[in-house]
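The next block holds one structure in the form of structure tokens; read it before the comments.
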Amino acid sequence: MKAKKPGVTTMDYSWLEVDSKACNGCGLCVEMCPLDVLWLDASVPYMRYRDDCWYCGICVAVCPRKAIVMTDLPYLIR
Ligand code: SF4
Ligand code: SF4
């Protein structure tokens, strides 16, 4: 993951951004991803297989801390 600004990490090659200060490492986003493309790394989610993500937004919707945002539209639908 790349540091974008303090407290915020951007998943490599991904349009999902995680606020690592807001994230409490609960793992709900990982558990709820229907395609199993998220993992926790040092208690912050990251994307393993970007091309398998269907941009469904479930991880964004279920996060109790509003720590995940979609920063951009997927390149496939641009
Ligand atoms: S659901 Fe939110 S708070 Fe929980 S691990 Fe995922 S990003 Fe962090
Ligand atoms: S947008 Fe959907 S498929 Fe992609 S990581 Fe989040 S829950 Fe998984």
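Annotation: T71 fulfils all but one of (1) near ligand 2 (Cβ under 6 Å from one of its atoms); (2) in contact (Cβ under 8 Å) with a residue 60 or more places away in the chain; the unmet one is (1). If the condition is being more than 12 Å from ligand 1 (Cβ to nearest atom) and surrounded by 14 or more Cβ atoms within 10 Å (Cβ to Cβ), then segment 35-47 contributes only V37.
Sub-9 Å Cβ pairs linking a first residue in segment 48-64 that is modelled with pLDDT of 90 or more to a second residue that is of a type in the set (D, E, K, R) and near ligand 1 (Cβ under 9 Å from one of its atoms), at least 6 apart or interchain, are V60/K66; V62/E31, ordered by first then second residue.
Under the condition of being out of contact with any strand residue (DSSP E or B) (no Cβ under 6 Å at 6 or more places or on another chain) and within 11 Å of ligand 1 (Cβ to nearest atom), the residues counted in segment 25-34 number 6. Only residues that are surrounded by 12 or more Cβ atoms within 10 Å (Cβ to Cβ) and in a loop (DSSP other than H, G, I, E, B): list them for segment 22-34, please. Residues satisfying the conditions are A22, C23, N24, G25, C26, G27, C33.
The values are calculated or read from the model by the stated rules, or taken from the named source; none is laboratory data. Computed from a predicted structure; not experimentally measured. When we count neighbours, we look across all protein chains shown, and the Cβ atoms used for this are built from the backbone with ideal geometry, even at glycine.
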